[in-house]
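The structure appears right after this line, and notes come after that.
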Number of protein chains: 2
Amino acid sequence: MARRTHRVTISDVAARAGVSPATVSRALTGSRPMSPELAERVRTAAQELGYRVNLLGRALRQQRSSVMGLVVPDLDNPFFASLAEHLSRVVETSDIELLVASAGDSVETERRMISSFLDRQVDSLVVIPCDEVQSQGGLEEATDHAVTVQLDRRVLETGAYYVGCDNRYGMSLVAGHVRDDVDAEAQPVVFVGAEPRSSSAHERLEEFRRQFPGSRVLLGTFDVRWGQQAADRLLDAGMTRGTLVAAADIIALGLLSRLQARGHRVPDDFRVIGFDGVGVTRLAHPELTTVRQPVEEMSRRILELVGDLPVDGAEQEIRIRPTLVLGPSSPPAARSGRRS
Amino acid sequence: MARRTHRVTISDVAARAGVSPATVSRALTGSRPMSPELAERVRTAAQELGYRVNLLGRALRQQRSSVMGLVVPDLDNPFFASLAEHLSRVVETSDIELLVASAGDSVETERRMISSFLDRQVDSLVVIPCDEVQSQGGLEEATDHAVTVQLDRRVLETGAYYVGCDNRYGMSLVAGHVRDDVDAEAQPVVFVGAEPRSSSAHERLEEFRRQFPGSRVLLGTFDVRWGQQAADRLLDAGMTRGTLVAAADIIALGLLSRLQARGHRVPDDFRVIGFDGVGVTRLAHPELTTVRQPVEEMSRRILELVGDLPVDGAEQEIRIRPTLVLGPSSPPAARSGRRS
DNA sequence: CTGAAAGCGCTAACAA
DNA sequence: TTGTTAGCGCTTTCAG
């Protein structure tokens, strides 16, 4: 662990190359045309001294850090982790850099992370808010200081952009599939969702209710454990078959695991339908019928929003339509028989 | 999106409170004792003006950023995502802040991320290296400029600390379980691992070979898809039962999904054993017998290493023993019958 | 206990 | 094309 004793600055390089610090800066960044030989001399000197630019100094001077901050609720949720990974790969194609922080599923921590990104002078901030209501303050704060984008979950009246998928439309795709391919009398439809503390939970729930008025609804949290509990609850209540519409793949995963552990067959006894279609949850057994979110395009739209050319009159709210992906967890009619 | 026009600086606050910038700094950070009323006056002024500290300025002056950088190979891998989440929660208890970057599974990107963290003057850098060999350069570079810790995967001769689990010991726990609880004649043992491009892959593979000389070994990558392919390969070759030891839960997940999709029962026909025991993979169906990595303690040790009190004569290499967790994917003898 | 002044490392105006 | 100078926002000597 041989730490360097003295930090090499641009002046050191300048001295060695026999030029001014400004010239070194120009040679290294290529911000201005200059004589190739001098540039070369500077680069050599920098190399020899092991010079590294100090981005703190640069950012302080330039009044921009070239950093995009991303605050996710919880990296243990594979959907959020996947969102982070996708955004990271898209941002990679620009000269911006993405730094991720986790809110550890706490509104307070989320707020601290947002603050701290702002204090570090991020140029843009992407937030997947923890809570539809309590995240508002942090987002308003952010909007005052950086280009701010809410991703996946919308908080009302923050002034920030929103990029997400059209959850109602997605749920309507599910409804269409269920109506076309499922014998609803043989398999009553149940929604296993999340308490509407986020717009996604909200919208998916509302659309489900609109599509299946009177159908049973169970609400918990976006994690595997809740899916397991919900399955237990349904089975304990004597349910032996049904179509379980989950608000997220991660919940569907929990449903699947408990249903199967307790000896029920999917899709024969129970159909299971998910939402998100992203990340490792895609590989459940049996593979899920799910609504796939267009994460790739969502990431691209975010980059556009914060891009150098400020998108004039950009819409505040960008909703992209998801697609339905059919899997064996709830196959099309051919296999399960239509009602009429 | 009402962006603030003028940035409020410490001088603005000073002017408003009728004191010097130095006093404002002291009042806001509490770095020196001062008259409570003045402090209060300063805080009020700051509040009224909507002052936010510029951490770039502070870091530049203080020569430390209070940031720990974490570079992970790929956030879509739930083990790495979970490691990031755990470390994040532990670091949360200190005054350091964790920022995460993904290498997108590319050595080049990894190197760029390391460089860029260093240029941003992180105080410490934690890296889960992509590649046992090719990640070396980046890590050496890091070691020269910040306290550097390799996490989970070891690259030789970098001068950096290493924190990880004792993979050989973990695999020996698996071996013990297999010998105690499995009829190896009825269920031949196969290792489904990853090409040894990381020390974890390496060590687990080597220990398996030592414990089961002559047993079949398939090597691919650390992802679900490889597990699926491996299962297909084994089944296509006519295998109808066996004990499949995976080098990671994520591979085990793929094995499970294909085995079950093709009508084989776990654990009756095939036992499946994983490694990691962390994150969402814990909730496979049937639940995995796996080796649980002590991620909590690993995170704590990392924080200790970079803590204010530089751990004198700290070991370069910290290996923590994992534990075996038995699940229905490979239950103990009681259920499956011992050989003798 | 408070203020004045210097300077962290960098780059952008302005001069030459 | 290159150099000089100033200053981004902050904290920390050093005086008082």
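Run down A:Val163, A:Val189 and say which single residue is farther than 30 Å from B:Arg282 by Cα and at pLDDT 95 or above.
Selected residue: A:Val163, the only one of A:Val163, A:Val189 that is farther than 30 Å from B:Arg282 by Cα and at pLDDT 95 or above.
Take the conditions (1) over 17 Å from B:Arg64 (Cα atoms); (2) facing chain A (nearest Cβ under 9 Å); (3) open to solvent by 10 Å² or more (accessible area, probe 1.4 Å); B:Arg120 misses just one of them, which is (1). Among the residues making up the stretch A:317-334, those that are open to solvent by 40 Å² or more (accessible area, probe 1.4 Å) and either among the charged types (D, E, K, R) or within 19 Å of A:Tyr161 (Cβ to Cβ) (or both) are A:Glu317, A:Arg319, A:Arg321. A single member of B:Ser35, B:Ser31, B:Ser25 is out of contact with any helix residue (DSSP H, G or I) (no Cβ under 9 Å at 6 or more places or on another chain), within 13 Å of DNA strand D (Cβ to nearest atom) and hydroxyl-bearing (Ser, Thr, Tyr), and it is B:Ser35. Of the residues making up the stretch B:178-200, those that are under 26 Å from the mean Cα position of the chain (by Cα) and in contact (Cβ under 8 Å) with a residue 60 or more places away in the chain are B:Val192, B:Pro196, B:Arg197, B:Ser198, B:Ser199.
Inside the stretch B:53-72, can you point out the residues that are within 28 Å of B:Ile302 (Cβ to Cβ) and near DNA strand C (Cβ under 9 Å from one of its atoms)? If the condition is that a residue be within 28 Å of B:Ile302 (Cβ to Cβ) and near DNA strand C (Cβ under 9 Å from one of its atoms), then B:Leu56, B:Arg58, B:Ala59, B:Leu60, B:Arg61, B:Gln62, B:Gln63 are the ones that fit.
Summed over the stretch A:88-142, residues that are of a type outside the set (Val, Ile, Thr) and in a loop (DSSP other than H, G, I, E, B) total 16.
B:Val266: more than 9 Å from chain A (Cβ to nearest Cβ), among the β-branched types (Val, Ile, Thr) and open to solvent by less than 40 Å² (accessible area, probe 1.4 Å), yes or no? Criteria met by B:Val266.
All of A:Leu235, A:Leu255 fail the test of being in contact (Cβ under 8 Å) with a residue 40 or more places away in the chain and surrounded by 16 or more Cβ atoms within 10 Å (Cβ to Cβ), apart from A:Leu255. The condition of being at pLDDT below 95 and either within 15 Å of DNA strand D (Cβ to nearest atom) or farther than 24 Å from A:Ala142 by Cα (or both) holds for A:Arg3. Of these, B:Glu141, B:Glu157, which one is surrounded by fewer than 17 Cβ atoms within 10 Å (Cβ to Cβ), within 14 Å of chain A (Cβ to nearest Cβ) and free of Cβ contacts under 8 Å to residues at least 40 places away in the same chain? Just one listed residue meets the conditions, B:Glu157. Just so you know, in the stretch B:53-84 the residues that are part of a loop (DSSP other than H, G, I, E, B) and under 30 Å from A:Ile250 (Cα atoms) include one that is farthest from the other protein chains (Cβ to nearest Cβ), and it is B:Pro73. Residues that are open to solvent by less than 20 Å² (accessible area, probe 1.4 Å) and within 12 Å of chain B (Cβ to nearest Cβ): does the stretch A:128-138 have at least one? Among the residues of the stretch A:128-138, not one is open to solvent by less than 20 Å² (accessible area, probe 1.4 Å) and within 12 Å of chain B (Cβ to nearest Cβ), which makes the answer no.
The values are calculated or read from the model by the stated rules, or taken from the named source; none is laboratory data. For clarity, every value in this text was computed on a predicted model and none was experimentally measured. Note that we place each Cβ from the backbone using ideal geometry, even for glycine, and neighbour counts take in every protein chain shown. For the accessible areas, the whole protein counts, side chains as well, though only heavy atoms, and no ligand, DNA or RNA atoms are used. Shrake-Rupley method; radii C 1.70, N 1.55, O 1.52, S 1.80 Å.
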